[in-house]
1. Determine, yes or no, whether B:ASP312 is at pLDDT below 90 and over 23 Å from B:MET388 (Cβ atoms).
2. Which members of the stretch A:293-328 meet the condition of being of a type in the set (Val, Ile, Thr) and on the phi > 0 side of the Ramachandran plot?
3. Residues in the stretch B:350-359 that are touching a Gly at 6+ places or on another chain (Cβ under 7 Å) and either outside any strand (DSSP E or B) or more than 7 Å from chain A (Cβ to nearest Cβ) (or both): how many?
4. With respect to B:ASP83, is the statement that it is more than 22 Å from the chain's Cα centre (by Cα), among the acidic types (Asp, Glu), over 27 Å from B:VAL314 (Cα atoms) and not assigned by TED's automatic domain parsing to the domain that holds B:LYS234 true?
5. For residues in the stretch B:360-394 being in a helix (DSSP H, G or I) and touching a residue at least 60 places away in the same chain (Cβ under 8 Å), which is nearest to the other protein chains (Cβ to nearest Cβ)?
6. Scanning for something among the acidic types (Asp, Glu), within 14 Å of chain B (Cβ to nearest Cβ) and part of a helix (DSSP H, G or I), does the stretch A:303-321 turn up at least one residue?
7. Has the stretch B:311-328 got at least one residue that is in contact with a Gly (Cβ under 7 Å, 6 or more places away or on another chain) and within 14 Å of chain A (Cβ to nearest Cβ)?
8. Let me confirm something: among A:TYR39, A:TYR28, which residue is in contact with a helix residue (DSSP H, G or I) (Cβ under 9 Å, 6 or more places away or on another chain), modelled with pLDDT under 90 and away from chain B (no Cβ under 14 Å)?
Amino acid sequence: MADPIIISASPHVHSARTSKKVMYDVLYALIPAFLVSIYVFGIRALILTSVAVISCIVFEYIIQKYLLKTEITITDGSALITGILLAFNLPTNLPIWMIIVGALIAIGVAKLSFGGLGYNIFNPALVGRVFLLVCFPVQMTSWPTAIENNLTLDAITGETTLGIIKEGLMYGETMSTISEKIPSAMELLLGITSGSAGEMSALALLLGGVFLIVRKVITWHIPVTIIVTMAIMTGVFWLVNPEMYASPLIHILSGGAILGAFYMATDLVTSPMTKKGMVIFSIGIAIITVVIRLFGAYPEGVSFAILIMNAFVPLIDKYFKPRRFGNQIKSKIM
Amino acid sequence: MLKTFPKGGIHPEENKITSSKAIKKMPVPKVVYVPIAQHIGIPSEIIVDRKDKVEIGQVVAKSGGFVSSNIHTPVAGTVTKLDMIVDTSGYKKQCIVIRTDQKNESNFEVQEFPLKKEITIDQKDILQHITDSGIVGLGGATFPSHVKLDLKNDNKVDCLIINGVECEPYLTADHRLMLEKADEIIVGIQILMHALHINEAVIGIENNKKDAVAVLKKAAKDDKRIKVAALKVKYPQGSEKQLIKAILKREVPKGGLPMDVGTIVHNVGTIFAIYQAVQYDQPLIERVVTVTGKNIENASNFWVKIGTPIKDLVAEVGGLPEGTRKIVNGGPMMGKAIKNTDVPVTKGTSGILVISEDEANRQDAKNCIRCGQCVFVCPMGLEPHLLMNLSEKGLYERASFEDIMTCIECGSCSYVCPSHRPLLDYIRFGKSIVKKLNTAKN
């Protein structure tokens with residue numbers, strides 16, 4: 001026999017599922033939202049996304065090759081996804097150099113300085129976004145308005161739904177007057193609104209989210225728990241005083257709620273590994289988001305909420321373990 | 001809804017290529033190699049010497065203690081030597097080499113014996129027969145059967161479970177046996193129920209063997225105490241603990257035995273061996289082996305004499321195909337890769353699987369992406385990624401605290417890991433160290 005016989009321990013078969021395939025599934029899931037984004041914002045969405053993706057991959061390559069001198073992992077698809085998710089969380093008229101800074105923070109600081117794929121504690125794309133939000137608050141909160149002139153580079157800037165609500169309430173307006181200025185629930189669902197590149201159409205995002213669940217990349221626990229908890233919390237406030245608080249439907253369909261629940265919070269690396277843990281994690285995200293939206297200075301709080309809960313993941317994993325088989329009775333041997 | 005165990009599990013490609021192939025009789029080999037450690041527990045003691053003439057079914061190595069088993073010669077012939085040979089474990093083990101006497105060549109005539117329904121033997125004698133016949137668990141674990149049947153008086157076993165699950169991909173030995181020897185298996189079950197005073201028995205069969213479910217239901221129709229349960233196809237349902245959970249919804253406590261929840265589990269192959277031992281006084285010297293693989297020409301199931309070299313089996317199915325890179329003793333999930341085909345078939349050999357180039361190599365391990373798949377599929381509720389990590393770092397106390405010892409080594413975690421991490425390899429390693437530490441402590 002020419003070829004040597006291989007001796008290895010069982011199992012001798014594998015599911016053929018690879019990290020790469022998982023990453024590409026996430027990529028496919030983002031396609032509908034990306035198409036909506038291009039439809040709404042035109043060429044700017046394309047530029048933003050390309051710059052973010054290319055910068056992420058280039059930074060990963062440079063840092064791994066020259067700084068860390070480790071194996072180059074740009075082909076595993078994770079830098080690509082970080083780039084797309086970063087772009088989806090930025091306004092489309094952000095100056096290009098800021099996008100590059102965001103990518104550097106996401107890849108260099110949030111991912112590689114922690115040890116690369118699998119070792120980062122915080123969601124890299126969100127760290128990039130929050131860094132930009134804190135450093136450049138003006139540029140990060142002026143969003144182009146949808147549809148009009150979607151092929152020109154200078155868009156008219158407008159405010160997001162949550163921004164209008166926050167401001168209106170601050171000036172003593174009531175929800176009934178504000179609601180005339182904000183998009184309807186149907187418009188929010190389809191994406192005829194203003195906001196970050198990828199948070200446009202709740203419908204497109206839901207479509208991709210369902211795909212991820214069907215492909216078993218994520219489970220339903222995180223997105224469903226986040227949305228249900230948000231609906232309950234905002235619903236209670238809305239029922240108490242509908243003139244002071246927006247309805248749960250507006251809260252869920254606007255801002256980054258759907259994007260966050262299906263794509264950001266579910267990031268495999270930075271979310272808990274047990275189903276019990278995922279539920280706790282998601283309740284935390286929903287509560288913090290609603291508190292920031294209703295009582296904080298920022299109109300939107302999903303990014304902060306996810307990053308805060310990311311920090312709790314090791315603790316959650318330690319205390320919310322799966323139920324061990326046969327553990328109800330004290331051990332005999334051990 | 002079909003019954004199954006609730007937590008974890010996977011569904012690998014079934015590849016039951018040989019399920020329609022009737023069991024053929026493998027020619028009796030010229031020389032048999034009979035290892036003395038074919039079961040879990042103490043190895044047997046050799047009681048023959050070189051040049052001794054032996055008769056078929058004669059004891060050649062006697063039980064070395066309570067958790068041990070007699071070993072009989074599968075052929076009539078002459079002991080040529082007592083040698084050390086590499087067995088399926090990969091280690092050199094003591095072995096009795098017997099040259100077959102061509103004149104006295106036995107040809108599996110016991111498989112042709114008519115069905116014998118009446119149980120004429122005394123209850124106490126049944127257990128003695130099983131002990132003397134060297135019967136061990138034929139599902140693969142090879143635990144001496146008489147130990148399982150030695151019920152303490154305070155144990156209240158109310159249900160006997162028969163394991164016909166065969167959840168390993170490729171293997172069809174139990175499937176064929178159930179189809180071809182259904183009546184004998186039912187008598188075997190009645191023998192055990194009679195001996196142990198049990199009034200209920202359930203045969204668990206996965207639903208990819210609908211024909212076996214039907215055949216056994218028909219065979220058992222006159223005995224209301226015996227039920228057949230069709231189970232949802234899910235690996236590792238053939239694991240004792242998972243099977244008990246699926247059928248009886250009882251959970252064997254950590255470190256405990258099925259007896260603790262009022263049941264005992266026997267494989268269908270074992271039941272058939274018990275039938276032969278009790279009704280026809282036939283010791284365990286032959287078993288069904290599936291010889292299979294995607295590129296094997298005449299993959300089939302065989303009645304094989306214990307001690308037959310695996311190369312004889314491979315030759316029978318058309319030889320090793322071009323590009324063979326791995327030979328597995330057992331199924332693809334829990335079987336052991338063997339170095340060459342000189343290794344003999346033992347009591348625990350349920351199948352020989354030949355794997356070619358494209359499936360033999362493992363891919364390089366990548367970073368854990370914390371996807372949680374290993375946690376979701378673990379039927380024991382463990383966290384394989386954590387246990388691997390702890391074993392890798394040498395934190396054995398922590399690993400023990402995280403219940404590493406309850407791992408059943410089913411391999412679901414390694415199977416599903418998208419980063420191809422050798423989870424089970426490290427867990428096995430960690431278990432071996434924890435075991436040593438525990439023995440040192442006591």
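The values are calculated or read from the model by the stated rules, or taken from the named source; none is laboratory data. Quantities reported herein were computed from a predicted structural model and do not represent experimental measurements. Glycine gets a Cβ as well: all are built from the backbone with ideal geometry, and neighbour counts include every protein chain shown.
1. Against the criterion (at pLDDT below 90 and over 23 Å from B:MET388 (Cβ atoms)), B:ASP312 does not qualify.
2. Residues satisfying the conditions do not exist here.
3. Count: 6.
4. In short, no.
5. Quick first cut of the stretch B:360-394, residues in a helix (DSSP H, G or I) only: B:360, B:373-377, B:384-393.
This time we only want the ones that are touching a residue at least 60 places away in the same chain (Cβ under 8 Å), so: B:376-377.
Details: B:PHE376: 8, B:VAL377: 9 Å.
The qualifying residue nearest to the other protein chains (Cβ to nearest Cβ) is B:PHE376.
6. Looking for residues that are among the acidic types (Asp, Glu), within 14 Å of chain B (Cβ to nearest Cβ) and part of a helix (DSSP H, G or I), one finds at least one in the stretch A:303-321, hence yes.
7. Initial filter on the stretch B:311-328 (in contact with a Gly (Cβ under 7 Å, 6 or more places away or on another chain)): B:328.
Now drop any that are not within 14 Å of chain A (Cβ to nearest Cβ), which leaves B:328.
Checking the stretch B:311-328: at least one residue is in contact with a Gly (Cβ under 7 Å, 6 or more places away or on another chain) and within 14 Å of chain A (Cβ to nearest Cβ).
8. Result: A:TYR39 is the single residue among A:TYR39, A:TYR28 that is in contact with a helix residue (DSSP H, G or I) (Cβ under 9 Å, 6 or more places away or on another chain), modelled with pLDDT under 90 and away from chain B (no Cβ under 14 Å).
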